[in-house]
Amino acid sequence: MTDQPAIELNNGVRIPQLGFGTFQVDSDETQRIVETALEAGYRHIDTAAGYYNEDGVGAALKASGLARDDVFLTTKLRNGDQGHDSALAAFEASRKALDVDVVDLYLIHWPTPTRWLAPETWRAFEKLLADGAVRAIGVSNFLPHHLGRLLETAGVTPAVNQFEIHPTHQQPAVQDASRAAGIAVEAYAPIGKGEDLSEEAVEAIAQAHDVSPAQVVIRWHLQQGRIVIPKSATPERIRSNIDVFGFELTTGQLDALTGLERANRLFPNPDEFEASQFRD
């Protein structure tokens, strides 16, 4: 791994704290964009079956020439593949698309509470972990009550809960519930789809440090102990987003960013999102 901070998960696996997200990265562009990210120094790549770009991620890993152990790879299970046997089959399809033997982190993408197949899906995840096909298992978009229901039957506590966190939507209750259970918090949409970058506090702090607003927000996540996966398709921004280790926010600056919270959700409510994530 490059000299970046890493977080030790509850099973001892270490995950680079700053990763690269691939949500809505077109499959035709994925290899080029992920290669750019790897060249810039990212050693943690996040994808999902529902993004339909796992093959591009795998091709980029191969083309990079990096050793497989040098890149931490996350993918996620589509909602329509939840269930014990279907999850196992879906994992094999993801592993084939990524062209890897082992996935570092495998996540249930959404809780889909009206169907609530998480317990049997989780048993499949635990089997994959026991078999060595994955190094860590976790969830995404799970609210506190979803976590509570899953933990009632889980033999293995999720290592990670990945969900929407940015200055104007921090979900403190979800962060607290995750950490209380020993689950690492990972932020997606960490700059609020770019919307949070025009906040006055963000711009003022960026000017004070002579860095970009995005760098300020990413640094805020890192200093608060979250795993963070910014995404960009622009080479300059890809490189800029990882160049966040040469400055440090003050306590007052951290508090100013935390003070921007106003429950500004940009992605679906996990209690309502039930889409299969299959292509039409």
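Just so it is clear, none of the values below were taken in a lab; they were calculated from the coordinates. Note that the structure is a prediction, hence the values are computed from the model and not measured. Reconstructed Cβ throughout: ideal geometry from the backbone, glycine too, with neighbour counts over all protein chains shown.
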Out of all the residues in segment 84-107, which are crowded, with 18+ Cβ neighbours inside 10 Å and under 21 Å from VAL71 (Cα atoms)?
PHE91, SER94, ARG95, ALA97, LEU98, VAL100, VAL103, ASP104, LEU105, TYR106, LEU107
Determine whether ALA206 is touching a helix residue (DSSP H, G or I) at 6+ places or on another chain (Cβ under 8 Å), among the hydrophobic types (A, V, I, L, M, F, W, C) and without any contact (Cβ under 8 Å) to a residue 24 or more places away in the chain.
yes
Among residues of segment 34-68 being among the hydroxyl-bearing types (Ser, Thr, Tyr) and in a helix (DSSP H, G or I), the residue nearest to LYS96 (Cα to Cα) is TYR51
Does ASN53 qualify as being within 23 Å of ALA275 (Cβ to Cβ) and without any contact (Cβ under 8 Å) to a residue 60 or more places away in the chain?
yes
Please enumerate the residues belonging to segment 208-228 that are aliphatic (A, V, I, L, M) and touching a Ser or Thr at 6+ places or on another chain (Cβ under 8 Å).
ALA214
Filtered residue count, segment 145-160, keeping only those that are farther than 14 Å from ASN10 by Cβ and either in contact with a Pro (Cβ under 7 Å, 6 or more places away or on another chain) or of a type outside the set (Gly, Ala, Ser) (or both)
6
Out of the residues in segment 236-273 that are small (Gly, Ala, Ser) and in a helix (DSSP H, G or I), state the one that is nearest to the chain's Cα centre (by Cα).
SER240
(1) among the acidic types (Asp, Glu); (2) more than 24 Å from THR74 (Cα to Cα); (3) part of a strand (DSSP E or B): which one isn't true of GLU186, the others all being true?
(2)
